[in-house]
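Notes follow the structure.
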Amino acid sequence: MEVAALPDDALAGVLRRLPPWSLAVARCICKAWRDVTDAHALLLPHLHPHSVKGIFLNYMDHSRHHFFSHRRSSSSPRAFSEIDGSLGFMPNNGRRVEWSAVFDHCNGLLLCEHEWESGLCVCNPATRQREVLPRPEEGSVYSSLAYLAFDPAVSPHYEVFLIPPEPKTPVPSNHWMLTKQPAEPPYHLMEWPPSPYRLEVFSSRTGQWEGIDFVREGQAAGTVQDMRLDPLDLTMFGGPRWRYAVFHQGALYVHCRGSFVMRLSLSQGKYQVIKFPANIEHGKVYLGKSTHGVCFGIIHESQLRVWILIESCGQMEWVSKCQHNLRKLASLPNVSGKFMGGPWVIEEDNNIGESEESREWDSDNDDIFTVEVEDNRNEIEDDEYHHDNFYILGFHPYEEVVFLVQQFEVLAYHLDTSKIQYMGNCRPKCYTLNHSNAYESFLYTPCVIGRLLHGDNTDQNPSEG
C-alpha cells in the first residue's frame with residue numbers, strides 16, 4: 001500500500017515521526033501530505049520559538065538598530081533560514097535606509113519603525129517577510145506606544161496595540177473666571193487608566209485597525225496627576241525611551257507610566273492594573289518573560305532584584321525570585337576592559353554576509369567563569385563609583401539567566417548558580433558616543449512561520465511550499 005493512500009490519521013502518525021527538516025520537505029511533495037501536515041499542526045512544535053539567537057539593540061543618539069549575536073564562521077555551510085539582523089529586506093523605496101529602530105519583539109516577529117506609510121512595519125528576520133501596516137484612522141503611531149502580540153502555537157495571526165498617553169491638557173487655574181463653567185473633564189483629577197479604555201488594535205486577520213474598548217477590573221492606578229509624577233523619559237535613570245511589554249498566555253502586560261503594569265485580556269476585552277512590587281523611581285527596570293512567566297527586574301545601588309508574577313484565581317501577586325549584589329562583577333577582566341573577543345559580536349555593514357550559520361547561545365560552554373557573589377545586601381562599599389552602571393538587557397525565556405550590560409560589555413548571569421558568561425562587546429564600530437549604552441534591547445527568539453498574511457511578502461523563504 002502506498003503511503004499516500006493511508007487514512008489521514010495514519011499518515012499523520014507516519015509524518016510525525018520525521019525530523020523537522022524531512023517533515024518540511026515531505027509537506028511539499030503533494031497537496032494531500034500538505035493538508036494532513038497542516039490539519040494536524042505537525043510542524044507547529046518545531047516552528048515555535050525555543051532558543052535565543054541574538055539581541056536587537058537601539059542606541060542613544062544613533063540612527064540605526066544593530067543585531068548582537070554569536071560570532072559565525074564564514075566557512076560554515078549556509079543555514080536553512082539565515083537570520084537577517086540588519087533587516088535588509090525591509091521596503092525602502094529604492095533608497096538606502098539610514099535610520100531604523102525596533103519598537104517591540106514577540107515570539108520571532110519584530111515591530112519596527114518605518115519611514116513611509118503609517119510608521120510601523122511587522123517583519124520576520126528568519127523568513128525575511130514583512131508587512132507595512134496601514135495608517136490608523138484614530139490615534140497616532142508617533143504619540144502612542146506600540147506593542148506586538150503574537151503566539152504561533154495558537155495562531156499565525158498577530159495584533160499590534162497602540163497605547164495612548166494620559167491627557168496632557170491641564171485645567172487652567174482661571175478656567176472658572178474665563179468661562180463661568182466647571183472644567184470638563186478635570187484632567188488632573190481624572191482617574192487613569194480610564195474605563196472603558198479605548199485602544200487602536202491592528203489585526204493581521206483582517207488587515208485593519210479597529211478601536212476596541214477595554215473595561216477595567218479593579219481599581220485604577222491613580223489620577224492623571226499621579227501619572228505625571230512618574231518621569232516620562234526613563235533614560236535619565238538608565239532606562240529605555242519607552243517601556244517594555246510582554247505577551248503571555250493570551251494577555252498583554254504593558255509597563256505604563258505611573259509604576260504599574262496593565263494586563264490586557266484580549267479575549268475578554270478587560271484589563272487590570274498591577275502595581276510594581278518596589279519603588280522604581282531611581283532604578284533601572286525591565287519587564288520581561290522568564291521560565292516562570294512574566295517577571296520584573298530592577299538594579300539599584302548595585303543590587304539586582306527579580307520578581308515573578310504569580311496569577312491565581314484572578315489575583316496577581318509579585319513573588320521575590322532572587323536578590324544579588326553586582327559589585328564584584330565590575331572587577332571581572334572582560335567587564336573592566338582588559339581584553340575583548342567574546343563569542344558574540346555586533347552585525348554591521350562590513351560583516352554582513354561574512355557568516356552564514358546562525359548559532360544559538362551555548363549556556364554551558366561560552367566563556368564560563370564563576371565569582372562568589374556577596375550576600376550582604378545592606379553593605380555599601382566606601383567607593384566613589386559603587387559599580388552601579390549595570391543595565392538589564394533581558395531575561396532568557398527558557399533558562400534561569402538574565403543578560404546584563406556595563407559600558408557595552410555583555411554578560412549572561414545565571415540566577416540560580418551565580419555563574420557568569422562573557423558574551424562580548426555590543427558597541428558598533430560606527431557608534432561615536434563612548435559614554436552611553438543601548439537604549440532598548442529585545443532578545444530574539446526566531447520563529448519560522450509560514451507567511452505574514454496581509455503584507456508585502458515579496459521576499460519569500462525558498463523553503464515555503
**OP:** In whole Å, largest first, what are the principal axis extents of the Cα atoms in the range 242-283?
**Re:** 35, 16, 15
Original post:
Gln407's amide H: which non-local residues (gap 5+, or another chain) put their own amide H closer than 5 Å, with H modeled 1.01 Å from N in plane and none for Pro or chain starts?
Top reply: none
**OP:** Work out the FRET efficiency for Leu6 and Leu266 from their Cβ-Cβ distance, taking R0 = 56 Å, and round it to the nearest 0.05.
**Re:** 0.90
Original post:
Put a dot 7 Å past each Cα toward the Cβ at Met60 and Ser312; how far apart are the dots in nm?
Top reply: 4.2
**OP:** Using a Förster distance of 22 angstrom, determine the FRET efficiency expected from the C-beta separation of Glu301 and Leu433, and round it to 0.05.
**Re:** 0.30
**OP:** Pairs to check: Lys289/Lys321; Lys53/Lys289; Lys53/Lys321; Lys275/Lys321. Give those whose C-alpha atoms are more than 19 Å from each other in this structure.
**Re:** Lys53/Lys321
Original post:
What list of ³J(HN,Hα) values in whole Hz, one per residue of the range 255-260 in order, does the Karplus curve 6.51 cos²θ - 1.76 cosθ + 1.60 (θ = phi - 60°) give from phi, with Gly and Pro shown as x?
Top reply: 6, 10, 4, x, 6, 8
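Taking 0.36 nm per intervening residue step and subtracting the Cα-Cα distance, what contour gain separates His157 from Glu191 on full extension?
8.9 nm
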Original post:
By per-residue mean of other Cβ atoms within 10 Å, what is the highest-first order of 31-43, 290-302, 391-403?
Top reply: 391-403, 290-302, 31-43
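Bear in mind these aren't lab numbers, they're just calculated from the coordinates by the rules spelled out. Treat the numbers as computed from the prediction; the structure is a model and nothing was measured. Note: ideal-geometry Cβ built from the backbone for every residue, glycine included; neighbour counts use all protein chains shown.
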